[in-house]
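The values are calculated or read from the model by the stated rules, or taken from the named source; none is laboratory data. Everything quoted here is computed from the prediction, not taken from an experiment. A quick note on method: Cβ atoms are made from the backbone with ideal geometry, for glycine too, and the neighbour counts reach across all protein chains shown.
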Amino acid sequence: MIYLSHIRATIKRIGLILLLAITPCLSHGDEPRYNIPPGIELMTTTQYYDPIEPVNRYIYRFNARFDRYIFLPTVAGYRYITPDPVENSISNFFNNLREIPTFINSALQLKGKTSLRTAGRFIVNSTVGIAGLFDTASHFGIQHYKEDFGQTLGYWGVPDGPFVVLPILGPSNLRDATGFVTDSAVVNNIDLFKLDDVNHDGERITLLVMDGIDTRKNTAFRYFETGTPFEYELIRRFYGDYRRLLIEK
Amino acid sequence: MRITHAYSWKPRRVNPIAITYFAVISLLACLIIPKQVMADYGYPIEQAFAATVAGTPQALKAPLPEKYPATEHAITVFEDREIPDIFWHQDKFHFTAALQKNKNAPLIFIIAGTGASHHSPKNTTLGKLFYQQGFHIIALSSPTYLNFIVTASESQLPGYLPDDANDLYRAMKLALTELGDKVEPSAFHITGYSLGGIHAAFIAALDKKEQSFNFKKVMMINPPVQLYSSVDRLDKLVDNYIPGGAPNANEFLNGVVNKLSRIYQKTDKVKFSPDFLYKAYQVIDTDKSIKPEDKFRGAAGLIGVSFRISAAAMLFASDVLAKKGYIVPVDQELTSTTSLNHYMRIAHMVPFTRYVDDMLIPHLQGSNPGVSRKTLIHNASLNSIEPFLKSATNIAVVTNEDDIILSPAELNYMKSVFGPRITIYPNGGHLGNMDYKENVEHMLAFFKD
C-alpha cells in the first residue's frame, strides 16, 4: 500500500496549501435578490467529500480543453485512417488485456462465477481469438464483466475518500485512483509482451497511447454537452452513485 | 387494440337499436368533426404522466433509417460578444445539419423543446424521419438551451416568444449561409416540439413579414398555448406530486429509483432494454396494492424535477450573462474554478414562473416602458398571433387530449383557432406518442406534397 499513503499525503499537502490560499475568495459578496434558507435543496450534489474542489475544477477544465484540442481530433483522425474491422480488433485486443484485472479482482471479491467466466474469456480469446483480436468468447455466449481494484477495496469496506479529478483520466476518488494505479502496476508486472527484457520504451508508450485512444473512442461522454452550467457538480454526484452501485452489485 | 385491456374485454348482448343509433351518431360526428375523434387509436399508455416518461414501446415505434449523415456545425452569431470565463466552452453556436445529395431537396428546420439541444433525442428522431423522406435537415437548439443563451440570444433572457423568434430566425439564416452552395432548397418547412412547436408558429408569423423562407408547411407538435400557464403547470408538479414538495425531492427520487430497480430485478432478467419503463408502467398499472391516486406520482415527480433542472440551468446562465444579480451577486466574479454548489442549490429551487416574473418581465418593461405584465404574457401566447394562425392554412397542430401542459380551455382554444388543421389523439401525454407509428405516418403525410 505504498501508493495509498503516498498519494494521500501528497494530496493532503497540496490541498491544505490551496485551501489556505483560496479561503478569502470564497465569500459571496453582496446579497443576491433571491435566496432560500440553508439546508433546503432539490437535488443534493455535495454528499461526496470534495476538499480540493478548486484544484479539481482546474483539472476538469484542463481535461475538457485537452479533449477538445488533442484527444477528440486524434480519435477522429484514428477513425478516419483505420478501417472499422481493424478498429474493432484493436478494441478487442485491449478488452482482452483488461480481463486480467477483472479476473484478479473478481477473485479478490470472492465472485467465483465471474472470475471463472473471465478466465474462460481470456483463454478463448487469446487462443481461438488470435491474441485477443477477435471476441470469440462473446460468440460462445460467455458474458463480459468488469471489476477493478477500486471495486475490490470498496467491497472490503474501504470508503471512497475525497473526490479527485485525474488529469486526462477524469473523475475518480482516492480509493478508485489507488485502484487504478494498482491495476496498471499489476498488468505491467505480468509483462505479457516481454517488454522488460530489453529497452522497449517505444513499444510501451505506443501501447499506452493506443489504449487511451481506444478507450476515448468507446466513451460517449463529451464535455459540456449536458447543457447545464452545473456539470462538474452533477458529475461528482453521478460518479459517486455509479461506483456505489457497481460495488453493491 | 389496447394492450393493457386486452384481457378484460367480455362479449355481452347489446340492443340492436342502440347499435344503429350509435352508428348514425358516429357517422355524423365523423362528418362534423373530422380527425378529432379517433376510434381504435393504438398507443398503449393511457396515463398521461406515464406516457410522457415512458414514450412509445420499441415494437410500436415508426422505423428509423440506419443511415443519418448528421454533422455538427459551429458558427459565430454575434461577432463582438464577450463570453465570460465560466462559459469559456460555449464560444460558438452549434447546430446539426443532415444534407441530401440532391441540393435542391426541400429543407426542414427542427426546433427543440425547453432546455433541449440541437441533437436532443427527439430532434434526432424527427431529423431521421424527415431525412428518410428526402428532406435536408437543419436542427436547432431551444433558445432556452445553455449554448443558445450564451451565443445566439440577443437579450440572453429567453422565454419571451417574439424575441426568441427573432433570435431563432437570425440563427436559421446564418446556419443556411454556413452550409453554402451545398443546399439550394426547392422549398422550406419548419417544425418543432413542445416549446419548439410554439416557436415554429412565431417564426412562421415573423417570416410572413420578412419573407426569407416563405415556409410551405409548418407543424407544431404538442405546443403550449401560453408559455406562462404551461410552465406554471410543470412547476407545480413538484409541489403537487412530491409529498412535502421540492425540499423532499431528493428522498422522493431515491424512492422512485429503488422502486424501479425492484421492478427491474423482478421482471427483467436480461439486459436493461429501452422498453423497461414501459414494462414498469404495466407492472404499476396492474398492481392492486397501490392506491390509484398514488400510482403515477413517481412519473409526475420525475417530470417536475427534470423540468426544474432545465429551468435552473437557464436561470443561472441568464442571471450571470445579463448581470441581473438575482441569485449571483453582480460583483461576484465567477471563473471556471469557482465552486457553484451554493448557486446551484438556489437555482434549482426557483420555479420557472418566478424567472418570468422577477427577471424576464422587469427586463422587458425596462426596454418597453409602460407595457403591462398582462400584455407581455399575452404576447408570449398563441392569442397574440391568432389572426395569422387562422388565415395560414399551411400550419397544422398535433397534440393529445391528455397533454399535461394544456388546460381543457387551452385545448378548446386551439380547436377553435385551427379547426380541421388540428389533430388531437386521445392519449399520449406530452410527446409520449411522438414516434408512435400512426403519429409519424400522419406527420410525414402532412409534409408530402
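Looking only at region B:95-123, which residues are under 19 Å from the mean Cα position of the chain (by Cα) and assigned to a strand (DSSP E or B)?
Those that are under 19 Å from the mean Cα position of the chain (by Cα) and assigned to a strand (DSSP E or B): B:F95, B:T96, B:I108, B:F109, B:I110, B:I111.
If I filter region A:170-189 for residues that are in a loop (DSSP other than H, G, I, E, B) and either within 14 Å of another protein chain (Cβ to nearest Cβ) or farther than 30 Å from B:V320 by Cβ (or both), do I get at least one hit?
So far as region A:170-189 goes, no, none of its residues is in a loop (DSSP other than H, G, I, E, B) and either within 14 Å of another protein chain (Cβ to nearest Cβ) or farther than 30 Å from B:V320 by Cβ (or both).
Among the candidates B:A39, B:A54, B:A98, B:A62, which residue alone is away from every other protein chain (no Cβ under 14 Å), modelled with pLDDT of 95 or more and closer than 30 Å to B:K415 by Cα?
Unique residue meeting the criteria: B:A62.
Within region A:75-86, does at least one residue satisfy the condition of being under 17 Å from A:R216 (Cβ atoms) and buried (at least 19 other Cβ atoms within 10 Å of the Cβ)?
Checked region A:75-86: at least one residue is under 17 Å from A:R216 (Cβ atoms) and buried (at least 19 other Cβ atoms within 10 Å of the Cβ).
Please determine whether any residue of region A:241-248 is acidic (D, E) and modelled with pLDDT of 90 or more.
no
With B:A175, B:A204 as the choices, which residue is touching a strand residue (DSSP E or B) at 6+ places or on another chain (Cβ under 8 Å) and under 22 Å from B:A445 (Cβ atoms)?
Checking each option against the conditions leaves just B:A204.
State the number of residues belonging to region A:30-74 that are of a type in the set (A, V, I, L, M) and either more than 10 Å from every other protein chain (Cβ to nearest Cβ) or more than 24 Å from B:G244 (Cβ to Cβ) (or both).
Count: 6.
Please go through region A:95-116 and pick out each residue that is in a loop (DSSP other than H, G, I, E, B) and under 21 Å from A:L207 (Cβ atoms).
Within region A:95-116, A:R98 is the sole residue that qualifies.
Which condition does B:Y326 not pass, out of (1) within 8 Å of chain A (Cβ to nearest Cβ); (2) of a type in the set (F, W, Y); (3) over 22 Å from A:N35 (Cβ atoms), if it passes all the others?
(3)
Which ones in region A:104-133 are in contact (Cβ under 8 Å) with a residue 40 or more places away in the chain and either surrounded by 20 or more Cβ atoms within 10 Å (Cβ to Cβ) or under 18 Å from A:E248 (Cβ atoms) (or both)?
Selection gives A:I104, A:N105, A:S106, A:L108, A:Q109, A:G132.
State which residue is farthest from the other protein chains (Cβ to nearest Cβ) when the search covers only region B:101-122 and only residues that are surrounded by 23 or more Cβ atoms within 10 Å (Cβ to Cβ) and within 19 Å of B:L179 (Cα to Cα).
B:L107
Starting from residues that are surrounded by 14 or more Cβ atoms within 10 Å (Cβ to Cβ) and within 12 Å of chain B (Cβ to nearest Cβ), keep the ones in region A:200-224 and report whichever is farthest from B:I149 (Cα to Cα).
Among them, the one singled out is A:Y223.
I'm trying to understand the selection: among the residues of region B:76-87, which are within 12 Å of another protein chain (Cβ to nearest Cβ) and exposed (fewer than 15 other Cβ atoms within 10 Å of the Cβ)?
B:D85 - this is the single residue of region B:76-87 that is within 12 Å of another protein chain (Cβ to nearest Cβ) and exposed (fewer than 15 other Cβ atoms within 10 Å of the Cβ).
Name the residues in region B:60-100 that are farther than 23 Å from A:A64 by Cα, touching a residue at least 12 places away in the same chain (Cβ under 8 Å) and out of contact with any strand residue (DSSP E or B) (no Cβ under 8 Å at 6 or more places or on another chain), would you?
Matches in region B:60-100: B:L64, B:P65, B:F78.
Which of the residues spanning region B:310-323 are more than 7 Å from chain A (Cβ to nearest Cβ) and farther than 14 Å from B:V231 by Cα?
B:S318, B:D319, B:V320, B:L321, B:A322, B:K323
Table: residues versus (1) modelled with pLDDT of 80 or more; (2) surrounded by 12 or more Cβ atoms within 10 Å (Cβ to Cβ).
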| position | (1), (2) |
| --- | --- |
| B:K266 | no, no |
| B:K269 | no, no |
| B:A280 | yes, yes |
| B:V283 | yes, yes |
| B:K288 | yes, no |
| B:R297 | yes, yes |
| B:A300 | yes, yes |
| B:L315 | yes, yes |
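Where in region B:334-411 are the helices (runs of 4 or more DSSP H), entirely inside, with at least 1 residues that are under 30 Å from A:P51 (Cα atoms) and touching a residue at least 24 places away in the same chain (Cβ under 8 Å)?
B:341-347
So how many residues does region B:354-384 have that are surrounded by fewer than 17 Cβ atoms within 10 Å (Cβ to Cβ) and polar (S, T, N, Q)?
Within region B:354-384, residues that are surrounded by fewer than 17 Cβ atoms within 10 Å (Cβ to Cβ) and polar (S, T, N, Q) number 6.
Given the residues A:F163, A:F193, A:F180, which is the only one that is in contact (Cβ under 8 Å) with a residue 40 or more places away in the chain and either aromatic (F, W, Y) or crowded, with 19+ Cβ neighbours inside 10 Å (or both)?
On inspection, the qualifying residue turns out to be A:F163.
To keep it simple, each residue is scored yes or no on (1) surrounded by fewer than 21 Cβ atoms within 10 Å (Cβ to Cβ); (2) more than 24 Å from the chain's Cα centre (by Cα); (3) within 14 Å of another protein chain (Cβ to nearest Cβ); (4) not hydrophobic (A, V, I, L, M, F, W, C).
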position	(1), (2), (3), (4)
B:A201	no, no, no, no
B:F213	no, no, no, no
B:L227	no, no, no, no
B:S230	no, no, no, yes
B:I242	no, no, yes, no
B:F252	no, yes, yes, no
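Working only within region B:75-86, note down all residues that are modelled with pLDDT under 95 and not in a loop (DSSP other than H, G, I, E, B).
Within region B:75-86, B:D85, B:I86 qualify.
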